[in-house]
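The values are calculated or read from the model by the stated rules, or taken from the named source; none is laboratory data. All figures in this text were calculated on a predicted structure; none of them were measured in a lab. Positions of Cβ are backbone-derived with ideal geometry, glycine not excepted, and every protein chain shown enters the neighbour counts.
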Amino acid sequence: MMDKWINNNTISKILALAVAIMLWGMVHLDTGTPSSTLTVSYNNKIIDNVAIQASGLDDSKYVLSTMDTDHVKMEVRGQRSVLTTFFADNYQAKLNLSGLGAGTKTLSLEPDLPDGVELVSMTPNRVTVTIEEKQTKSFNVSIVSKGSPDAGLQLGKPVIAPQTVKVTLPKSQLNTVTAVQGAVNTDGISEKFEQKRVKLKAYNKKGQELTGAVIEPSTVSVEIPVTQQAKSVPVKIVYSGELPDGLALSKVNANVKEAAVYASQDVLSSLSSYVTVTLDLSQFTEAGTRTVQANLAAPSGSDKIEPGSIQIQVTVVPSNEVTDTERTLSGIPIVLQGAGDGANATVIAPTGKTMDVTVKGPQDLVNNLTNDDVSLVANVSGLSAGQHEVTLKVGLPKYITQAGNAGQLKATVNIESPSTPAVTNPNSENESNPSGSGDKGQERPQEGQGNQGGNSDANTGDNAAAEDKTNPHNGAESSANGTSENSQP
């Protein structure tokens, strides 16, 4: 068999080729040619703004309040290919705060570099830190509403649960906390507002949020009632009917002095200074004390008035048993009435444009009088341009009369027509008080000038009020203290 392979020409050729290849390879692998040497390049690199990473502080007790720098500059060295692989945020400076308490300390920094990079220098290599102890304090929670409810509604007082929370901050910041607040959106709401989780924030006196504050609990539940807008106004008693002959009104006391009127803001803004209740005197036919119920008159345009009715205690006595008492009301403003078209009437004396009025009547009614229950009217109708001394008409409540001579109350009035120059009275300041109270009496009206004085223009709306109080056909009125009105010339 072997003889056949050896004698086979093809097999012999293949073997010869294999031997030739082996010999060629052995010759070329052992030529002794030296291998080439590989050169490695190293470079330096500057890394700016390397962040300092603090760790190890007990956050439950302390806070790192200050650090004199939060970054360093590093110079590093490494292979060029390695340095170009990493960015600035791959480099860090480590600050170990483990085991430290409150105080100011200077500590060394440790570089944290990528593999294959070595540190040449780090500036700075130390840092000064201040560590503060955390403190906790309780604060009341307040709620700020943003936006307005539907027209005619107003927000009530928020109901907050819990009402107090604990705020944890470094002592230096905790002392600056002035408010812990939550904000809710109440724009356009028409019913009670409810929100279970309102996030709280702590603020200083400048209104700046203290972002590091830990608030426990961090949220509260809030309910805000929504009610109709209301305005509280005095109750004034208006009388109708008459008492029988031989009887006199001694006392009138209402159990309610003020009422709440519910209405839109426009109606409330134009609301008069009081609401009325009518007491019919004709129902009292004999002397004695009775309590009656009377309904309050809701102003036009209002939604409702509360209470809807009040209790009035009325005391009626025989006329001969009424004991009159006197009282002086100071600073009653003088109202001008009846100036012609285009004319301007001005009170020039007394200079304060107010006077004192002494009245008398049943003690209870007199004691409860206010300046609003008395009017002084100067009627200038038919007077020509120039200065005139006008007797004042006194408007008083029913069962109240003016003490003394009614004609003693006079005022000096200057009337200017469109073509008449102004006339002044240089001696007006030296005139005696027409009320007859002397110099001392003249000073008191001047004290009231800021509230009730000023120029009394006959064309102002005050005239209408004066006419109502002095016109016997307008009915008798009083405040809720029980006084009533009629006219006293």
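Points to keep in mind about this one:
- Selection of segment 325-342 for residues being more than 42 Å from the chain's Cα centre (by Cα) and under 17 Å from E389 (Cα atoms) yields Q337, G338, A339.
- Close contacts from segment 243-261, counting a first residue that is among the hydroxyl-bearing types (S, T, Y) and a second that is buried (at least 16 other Cβ atoms within 10 Å of the Cβ) and assigned to a strand (DSSP E or B), with Cβ to Cβ under 7 Å and a gap of 6+ residues or different chains, come to S250/T315; S250/V316; S250/V317; S250/P362.
- Which listed residue is of a type outside the set (S, T, N, Q), under 50 Å from the mean Cα position of the chain (by Cα) and over 30 Å from T178 (Cα atoms), from L153, L113: L153
- Residues that are under 23 Å from R290 (Cβ atoms) and in contact (Cβ under 8 Å) with a residue 60 or more places away in the chain were ranked within segment 226-242; the one that is surrounded by the most Cβ atoms within 10 Å (Cβ to Cβ) is I237.
- Residue within segment 102-121 that is of a type in the set (V, I, T), part of a helix (DSSP H, G or I), surrounded by 15 or more Cβ atoms within 10 Å (Cβ to Cβ) and in contact with a strand residue (DSSP E or B) (Cβ under 9 Å, 6 or more places away or on another chain) present: no
- Qualifying residue in segment 430-445 (condition: on the phi > 0 side of the Ramachandran plot, surrounded by fewer than 21 Cβ atoms within 10 Å (Cβ to Cβ), modelled with pLDDT under 50 and not polar (S, T, N, Q)): yes
- Here the strands (runs of 3 or more DSSP E) wholly within segment 288-387 that include at least 2 residues being touching a strand residue (DSSP E or B) at 6+ places or on another chain (Cβ under 6 Å) and at pLDDT 90 or above are 288-295, 309-318, 324-337, 344-349, 354-362, 375-379.
- All positions within segment 50-68 that are exposed (fewer than 13 other Cβ atoms within 10 Å of the Cβ) and not in a strand (DSSP E or B): G56, D59, S60, K61, D68
- Residue match in segment 398-408 (condition: at pLDDT below 90, charged (D, E, K, R) and within 30 Å of N253 (Cα to Cα)): yes
- Flag for E223 being touching a strand residue (DSSP E or B) at 6+ places or on another chain (Cβ under 7 Å), exposed (fewer than 14 other Cβ atoms within 10 Å of the Cβ) and either of a type in the set (D, E, K, R) or modelled with pLDDT of 95 or more (or both): no
- Residue identified as over 54 Å from the mean Cα position of the chain (by Cα), touching a residue at least 12 places away in the same chain (Cβ under 8 Å) and surrounded by 13 or more Cβ atoms within 10 Å (Cβ to Cβ) among V141, V82, V129: V82
- Pick from segment 262-287, criterion small (G, A, S) and assigned to a loop (DSSP other than H, G, I, E, B), ranking: modelled with the lowest pLDDT: S272
- Where strands (runs of 3 or more DSSP E) fall entirely within segment 171-223, none has at least 1 residues that are in the same structural domain as D59 (by TED's automatic domain parsing) and of a type in the set (G, A, S).
- Restricting attention to segment 144-164, the residues that are within 12 Å of D187 (Cβ to Cβ) and exposed (fewer than 11 other Cβ atoms within 10 Å of the Cβ) total 1.
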